[in-house]
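Colleague: Sharing a structure, written as structure tokens. Questions coming.
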Amino acid sequence: MRKSIIIMAMAGLLTLPFTAQAEQAQGFGTSIMLGANMCIEQGDSSCSGVDPSFGMTLGGVYRTSEYFGWTMDFTLGLYDTAAGDVQSLGLYGGGKFFIPIGNLAIFAGAALGWGQWSVEGGGSSFEDNHLALAFQAGAEFYIFDNLAAGAWFRYQMPVFGEEHGSDRIDFEDYAHQVIVGAGGTYYF
């Protein structure tokens with residue numbers, strides 16, 4: 001169901017008229033994305049009891065050309081599980097490649113950074129820190145020369161980190177995560 005909504009939103013962006021004179025910005029910008037944070041195997045028994053919940057990305061971008069930009073992103077994900085409340089944090093730096101099509105910019109990117117997840121519940125708490133990779137894709141439609149609205153898909157995965165802190169919680173369920181959402185980017 002969620003995949004259908006995302007595909008329809010992306011198709012809607014592609015059908016917007018490209019007659020407006022807004023140009024794709026370059027230079028420094030800031031972005032916000034709000035959406036759903038999901039266990040990577042959502043719907044599978046390994047994610048049983050893990051409900052999709054709030055996900056957010058705040059970021060900065062330095063777009064060096066219409067085809068490339070450097071990024072720095074902070075991510076937050078919250079889960080409500082049978083074992084307790086889980087919080088996922090991340091700080092990533094990387095790059096994005098853009099394909100400009102009129103006022104639309106389709107992008108894909110990769111980043112390296114730090115991730116942490118923590119859980120509190122049942123009278124105990126613990127956390128895990130890890131080196132992580134993040135991959136993202138999406139599209140931005142430039143409404144004005146310095147303002148774009150768009151949709152994002154972001155996948156984060158650990159590459160090296162501590163062992164999970166409890167047999168009640170599987171590290172993989174939370175450290176591997178997907179954030180799907182919509183938001184905007186403003187260029188200064």
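Where a number appears in this text, it was derived from the coordinates with a stated rule and is not lab data. All figures in this text were calculated on a predicted structure; none of them were measured in a lab. When we count neighbours, we look across all protein chains shown, and the Cβ atoms used for this are built from the backbone with ideal geometry, even at glycine.
Colleague: So what J values fall out for segment 65-77 if you push phi through Karplus, 6.51 cos²θ - 1.76 cosθ + 1.60 with θ = phi - 60°, rounded to Hz, Gly and Pro as x?
Modeller: With coefficients 6.51, -1.76 and 1.60, one gets 7, 6, 10, 8, x, 8, 10, 9, 10, 10, 10, 9, x Hz.
Colleague: Please list 69-80, 94-105 highest first by mean number of surrounding beta-carbon atoms within 10 Å per residue. Don't jump to the answer; show the numbers that get you there.
Modeller: Working: 69-80: 19.5, 94-105: 17.2.
Most protected by this proxy first, the peptides run 69-80, 94-105.
Colleague: Quick one: compute the contact order of segment 50-162, relative version, from alpha carbon pairs under 8 angstrom and 6+ residues apart, as a percent. Each step should come with its number before you reach the end.
Modeller: Working: 281 pairs, mean separation 21.1, N = 113.
Dividing the mean separation by the residue count of segment 50-162 yields 19 percent.
Colleague: Send over the semi-axes of segment 64-119's equivalent ellipsoid, whole angstrom and largest first, taken as the square roots of 5 times the C-alpha gyration tensor eigenvalues.
Modeller: Working: eigenvalues 205, 35, 8 Å².
Sorted largest first and rounded, they come to 32, 13, 6 Å.
Colleague: Please turn the phi angles of segment 130-140 into ³J(HN,Hα) values with the Karplus equation 6.51 cos²θ - 1.76 cosθ + 1.60 (θ = phi - 60°), one per residue in order, whole Hz, x for glycine and proline.
Modeller: With the stated coefficients, segment 130-140 comes to 7, 7, 9, 10, 10, 10, 9, 8, x, 8, 10 Hz.
Colleague: Ok, one more. Under a crude label model (7 Å from the Cα following the beta-carbon direction), how far is PHE144 from PHE188 in nanometres?
Modeller: Placing both labels 7 Å beyond Cα along the Cβ direction yields 1.7 nm.
Colleague: Whose amide H sits under 5 Å from the amide H of PHE54, counting only residues 5 or more places off or on another chain, with H placed in the peptide plane?
Modeller: So PHE54 has HN proximity to ASN37, LEU78.
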